[in-house]
Each structure stands twice: as structure tokens, then as C-alpha cells.
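The values are calculated or read from the model by the stated rules, or taken from the named source; none is laboratory data. Everything numeric in this text was worked out from a predicted model, so none of it was measured. Here the Cβ is made from the backbone with ideal geometry for all residues, glycine too, and neighbour counts use every protein chain on show.
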Amino acid sequence: MAEREITLMKGNEAIAHAAIRCGCDGYFGYPITPQSEVLETLAEQKPWETTGMVVLQAESETSSINMVYGGAATGKKVMTSSSSPGISLMQEGISYLAGAELPCLVVNVSRGGPGLGTIQPSQADYFQSCKGGGHGDYRLIVLAPSSVQEMADFVYLAFELAFKYRNPAMILTDGVIGQMMEKVELPPFKARRTEKEIIEQCPWAANGRPAGRKPNIITSLELDPAVMEEINIRLQKKYAQIQENEVRVEEFMLEDAEYAIVAFGSAARIAKKAIEMAREEGIKVGLLRPITLWPFPIKEVEALSKKVKGILSLEINAGQMVEDIRLAVNGRIPVSHYGRLGGIIPAPDEAVVELKKLIK
Amino acid sequence: MKQEIIIAGFGGQGVLSMGKILAYSGLIEGKEVTWMPAYGPEQRGGTANVTVIVNDEPISSPILSTYDTAIILNQPSMEKFESKVKPGGTLIYDGYGISVPPTRKDINVYRVDAMDVAAKMNLIKIFNMILLGSYLKLHPIVKIESVLSALKKTLPERHHGLIPQNEEAIKKGMELV
């Protein structure tokens with residue numbers, strides 16, 4: 001499409017439109033607040049009549065993620081979305097996808113927990129997304145959008161990275177970005193891949209064995225521990241490669257900064273406002289925003305700790321990413337955390353107060 | 001120009017749609033906009049509010065602690081948001097839903113009897129457009145033509161016949177302040 005299409009939509013709607021436009025083959029999901037508009041928008045758009053994309057409301061999150069496993073095993077571009085409790089139900093499947101090295105996209109529009117919790121926004125799923133969630137030594141590629149535009153763009157990026165590394169990718173967002181409407185320019189249409197293209201691009205996929213080729217087996221099971229260790233070592237090499245090549249950050253007003261806020265997703269938006277307010281009072285502060293939560297920007301935070309006098313980790317949780325920041329800072333400068341819990345969103349002026357405590 | 005606005009009232013009063021039309025109008029004029037609803041189990045009769053920001057510059061936080069303008073449609077929202085209007089800011093409220101009027105002297109307060117006027121004009125379902133008109137008279141951040149285009153974009157086609165009534169309501173609102 002030559003014409004630029006700028007429109008106003010919710011983050012959740014942007015995810016759905018981007019999925020159709022990026023040539024996604026299948027979406028499998030189950031409704032849950034605050035992400036239900038993803039499935040609703042797909043149902044309204046009826047992509048099965050246009051691009052041929054399958055949209056299916058499964059009977060549960062467990063079956064959604066296993067449908068994703070099945071689709072991904074054939075080399076198709078498939079995805080699901082849910083919110084925190086639903087993502088917890090998917091963890092077994094996510095571990096299997098990582099173990100079988102299957103590319104896919106899982107979107108978590110997270111809400112306050114633990115348990116059934118609340119439907120209000122939260123970033124308390126950082127640990128679950130970046131440190132496991134499911135069992136075993138695995139990693140997800142985790143992207144954290146902080147605008148409706150990035151919700152759309154990161155669907156494309158997540159699939160690109162998932163297929164590049166044969167690894168599940170996650171978009172970790174929350175009810176703020178999911179429910180908010182903002183300007184978005186939808187990315188250009190990409191046709192779904194043909195069967196021939198999938199065979200060429202995914203020689204590992206189980207999509208019909210031509211005569212003479214060995215069967216492709218998709219599994220995460222290996223009972224011989226020596227072989228299983230080899231598989232794990234290979235996975236770790238892949239993760240090291242992702243850590244080396246795929247870190248993404250945004251820097252905001254860091255040039256002259258004496259202090260820094262590190263924040264991701266919706267908290268990074270609040271942090272920017274807090275920075276505008278603090279700078280009006282003469283406090284030189286900037287923002288480092290991890291866009292990839294895993295791979296975490298270790299080198300970038302380390303470099304920051306050699307430049308500023310203190311870091312405030314602003315998160316909508318009780319202090320999760322701050323652990324990774326402290327590891328990267330390694331004691332060089334003070335690192336504090338501020339967050340609100342259970343679905344309460346920290347206001348920009350609260351962040352300014354916390355910043356001043358750090359400076360004292 | 002930048003306006004940070006909170007619109008608050010009961011669910012069903014058209015709080016979210018008023019915000020949406022304002023945000024769309026901004027979009028049509030090429031401005032930066034955000035529309036952030038307090039979403040939840042709210043339905044007709046519960047409380048509802050939306051933060052709308054219209055700016056010529058990129059917008060940092062869609063969530064705010066203080067506002068340039070508050071448009072208040074019921075008493076619980078008055079209690080919650082009167083104190084959050086910036087000094088020198090604007091508070092517009094519908095007289096019908098308010099039992100205790102605002103008391104602050106450091107902000108500009110406008111009472112608009114939108115519900116009463118809407119009832120007389122038989123426009124009760126679009127009394128929110130009267131308030132939008134009053135707001136736009138005080139803060140002309142978008143043109144009326146943009147609002148009408150926004151209505152075309154946001155209303156389903158079967159309701160496009162109602163656009164002239166909406167225009168009438170907006171103009172009435174402009175007269176009331």
C-alpha cells in the first residue's frame with residue numbers, strides 16, 4: 001500500500017491489525033480482560049475471507065497454546081494472546097515450544113496479580129516472562145512496547161526474531177497500552193507465505209516429507225541425558241547469540257543526565273512525564289528504556305552506571321527488573337525502585353518524589 | 001498548544017465517546033493525541049472517566065495526576081477531580097448531576113446546564129455534545145469541521161443522519177458559556 005494509513009486505535013486493536021497485515025497464518029486465543037479486543041478485532045476483520053488467516057477461539061488458554069505448537073511445527077506464522085492468569089495456564093506449552101525450538105508469538109496484555117487478581121494494568125509478569133515461567137533452562141525473546149505504534153510494529157519484529165532464531169517471542173504489555181487509543185500508522189501488508197516458501201525457509205518444519213528426505217521430528221523429549229545436555233548447550237549458544245545481537249533500547253534526555261530512570265512499557269511513558277517535570281525544577285535526569293526485556297540491555301545499563309550518579313527503576317510491580325539493573329550496575333552507584341501494586345498505576349509526580357529521595 | 005483533559009461521569013452518559021470524538025478531531029488536524037479510559041467492570045450507572053491529551057508535540061504519559069481541564073458530569077467525579085485541576089485551569093460541570101458545586105477560587109469554573117437544555121431540545125442522548133461545545137468555545141483546540149468529520153468516522157453509518165443534531169448540540173453548548 002503506497003498510501004500512509006494513519007488512524008486512531010487501541011493497542012489491542014493494533015496487535016490484531018498488525019497480525020493480519022504481517023501475513024500471520026493463524027491466531028488461537030481465549031477472551032480475557034484487558035486483552036479481549038485482540039480476538040474481537042480479528043473476528044470483526046474476518047481475515048479468513050481476505051488473507052486466509054485462521055482465527056479460532058479455543059476452549060481454553062491451554063488448548064490455544066497447544067494449537068500454536070501444532071501450527072508452529074508446520075512452519076506457519078502463528079500466535080496467541082492473553083492476560084496474566086491466562087498466560088500462566090500456557091506456561092507448560094511455552095516451555096515445550098522453547099524446547100522444540102518453534103517460532104511463534106505470545107502476547108501478554110498483563111494485569112495485576114497474583115492469582116486471578118485484578119483487571120487493572122500491572123508489570124508484575126516481568127519475572128514470569130524473562131526468568132522462565134515454564135520449566136527448564138529456556139529463554140523467550142521479550143519485547144515491551146510503550147506506544148500503540150510499537151504494539152503494531154513489534155508484531156512484525158517479534159515474528160522476524162522468532163523465525164530468525166527458531167524461538168518463541170513474547171510481547172509483554174499491559175492494560176495501559178492495550179486499552180489506550182493513540183495515533184498509529186499500520187505497517188505495510190505482507191502476503192502470507194506460500195507452502196513452497198515455507199518449505200524453503202523452514203527446512204526443519206513438519207509439513208510433508210518429500211521422497212528421500214529424512215523425517216523432520218518436532219519434539220522437546222529426549223530421554224538420553226547426554227543428548228539432552230547437548231541440546232541444552234546448543235540452546236544456550238543460541239541464547240548467547242540473541243543476547244549479543246538483539247538488545248534494543250531507547251534513550252531519552254540522557255546526554256547531560258546526572259541521574260537516570262530505567263523503565264519499560266507504560267512505566268516508561270510515565271517516566272518521561274516525570275523527567276519533564278523534574279527538569280523544570282533543574283534536575284538533570286534522563287530515561288533508559290529497555291525495549292527488549294530479554295535479552296536485557298546489560299551493557300547499556302553498565303555503561304549508564306559509569307555516567308550517572310544514581311538510577312531509579314520505575315516499574316508497576318514490587319521490584320522485578322530492578323534485580324537485573326542491580327546485577328548490571330554491580331554496586332557502582334545507588335539503585336532504587338518505585339512501583340505501585342495490584343493494578344494501581346504510579347503517577348508522574350510520585351516518580352518525581354522518588355527521584356528526589358534518590359538524589360538526597 | 002497542549003490540553004490535558006479529564007472527562008468523568010456515569011457510564012452511559014457518553015463520557016468515553018466524547019473523549020473519542022475529541023481525540024479523533026485532533027488526529028484529523030494532524031496533532032498528537034492519547035485517549036486513556038479508566039476501564040473496568042464499569043457499565044451503565046457505574047463511574048467512567050477518560051483522559052484525553054491533544055498536543056502539537058509528542059505526548060509523554062497518557063496518565064496524569066493533574067489536568068488543564070476537567071469536564072464533570074456527576075457528584076462522585078466532582079469529589080475526585082476538582083482538586084486535580086491545575087491552578088488557572090478550567091472546570092466545566094453539568095448542573096443537573098451536581099449537588100455540591102465546586103468551591104475552588106483559583107480555577108475557572110463554568111456551570112453548563114447541558115442536561116436540562118438537552119431535554120428541552122429533545123437531544124438528551126447527545127447532551128455530551130453540548131458539553132463538548134462549551135469546552136471548545138473555551139479552548140478551541142480543534143475546529144468544529146474536524147469534530148464533524150470525527151463524528152462521521154466514529155459513528156456507524158446508520159447513525160450518520162444524527163450528525164446535524166450533534167452539530168446543533170455543539171453550537172448550543174458554545175452559546176451556553
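Some notes on this structure:
- Selected residue [within 25 Å of A:Gly175 (Cα to Cα) and more than 22 Å from the chain's Cα centre (by Cα)] from A:Pro348, A:Pro297: A:Pro348
- Residue count for segment A:141-153, restricted to those that are away from every other protein chain (no Cβ under 14 Å) and surrounded by fewer than 24 Cβ atoms within 10 Å (Cβ to Cβ): 1
- Residue in segment B:147-154 that is β-branched (Val, Ile, Thr) and either more than 18 Å from B:Ala23 (Cα to Cα) or touching a residue at least 24 places away in the same chain (Cβ under 8 Å) (or both) present: yes
- Segment A:323-347 residues that are away from chain B (no Cβ under 14 Å) and outside any loop (DSSP other than H, G, I, E, B), paired with ones that are crowded, with 16+ Cβ neighbours inside 10 Å and aromatic (Phe, Trp, Tyr) (beta carbon under 7 Å, 6 or more apart): A:Asp324/A:Phe296
- Filter pass, A:Tyr259 being away from chain B (no Cβ under 14 Å), over 24 Å from A:Gly113 (Cβ atoms) and either surrounded by 17 or more Cβ atoms within 10 Å (Cβ to Cβ) or among the hydrophobic types (A, V, I, L, M, F, W, C) (or both): yes
- A:Glu280 vs. criteria at pLDDT 95 or above, surrounded by fewer than 19 Cβ atoms within 10 Å (Cβ to Cβ) and within 14 Å of chain B (Cβ to nearest Cβ): yes
- Any helices (runs of 4 or more DSSP H) falling wholly within segment B:72-177 and containing at least 1 residues that are closer than 17 Å to B:Ser25 by Cβ: B:127-138, B:144-154, B:163-175
- Segment A:172-220, subset farther than 30 Å from B:Ile28 by Cβ, crowded, with 16+ Cβ neighbours inside 10 Å and charged (D, E, K, R), residue farthest from the other protein chains (Cβ to nearest Cβ): A:Arg193
- Close pairs (7 angstrom Cβ cut-off, 6 or more residues apart or separate chains): modelled with pLDDT of 95 or more in segment B:103-122, assigned to a loop (DSSP other than H, G, I, E, B) anywhere: B:Val109/B:Pro102; B:Tyr110/B:Val177; B:Val112/B:Leu176; B:Val112/B:Val177
- Within the set A:Val54, A:Val68, A:Val78, the sole residue that is closer than 27 Å to A:Ser146 by Cβ and in contact with an Asp or Glu (Cβ under 8 Å, 6 or more places away or on another chain) turns out to be A:Val78.
- In segment A:1-56, residue farthest from the chain's Cα centre (by Cα) [restricted to those that are among the aliphatic types (A, V, I, L, M), part of a loop (DSSP other than H, G, I, E, B) and away from chain B (no Cβ under 14 Å)]: A:Ala2
- Residue check for A:Val109: touching a strand residue (DSSP E or B) at 6+ places or on another chain (Cβ under 7 Å) and within 14 Å of chain B (Cβ to nearest Cβ): yes
- Selected residue (criterion: surrounded by the fewest Cβ atoms within 10 Å (Cβ to Cβ)) from residues of segment A:221-251 that are closer than 30 Å to A:Gly265 by Cβ and hydrophobic (A, V, I, L, M, F, W, C): A:Ala240
- Filter result for the condition that a residue is surrounded by fewer than 20 Cβ atoms within 10 Å (Cβ to Cβ) and in contact with a Phe, Trp or Tyr (Cβ under 9 Å, 6 or more places away or on another chain), over B:Met174, B:Met115, B:Met78: B:Met115
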